[in-house]
Amino acid sequence: MLDDRIDIVTTDHAPHTLDEKQKSYFQSMSGAPIIQHSLNIMLEFFKQGLISLEKIAEKMCHNPAILYGIENRGFIREGYYADLTIVDLNSSWTVDKNNIYLNAVGHH
């Protein structure tokens, strides 16, 4: 990713139940229900000095808008949608089953 062989960081929301995930490797459903945690993961890499904030914005905002041809998104510019995320880089929290938001079909 850092040498630009990977263009974007995206997620594939996979809302499988805990029971589905605890099966053996070849029977377990793949993916992770972490659509809301992808930025947190990238910010952890930033805190570890592995990636810059600018590179995170490039891979998670700029490039997806460019590569998918999404107009008026992906950048902070006049006339663009105000898709902004404000984070406190000094705070921390732990991902657990109580803060994983699953789809509306009722998976917990």
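Readers should treat all values here as calculations from the given coordinates under stated rules, not as data from a laboratory. These figures come from a predicted structure and were not determined experimentally. Here Cβ is always computed from backbone atoms with ideal geometry, including for glycine, and neighbour counts include all displayed protein chains.
Among the GluC sites (Glu not before Pro) in segment 1-99, those located in a DSSP loop and surrounded by at most 12 other Cβ atoms within 10 Å of their own Cβ are 71, 78. Distance from the Cα centroid of segment 35-59 to that of segment 63-91 is 14 Å (rounded to whole angstrom). For segment 44-80, the list of trypsin sites (Lys or Arg not before Pro) that fall in a loop by DSSP and count at most 13 other C-beta atoms within 10 angstrom reads 77. Neighbours of residue 1 by Cβ distance under 15 Å: Lys/Arg scored +1, Asp/Glu scored -1, total -3.
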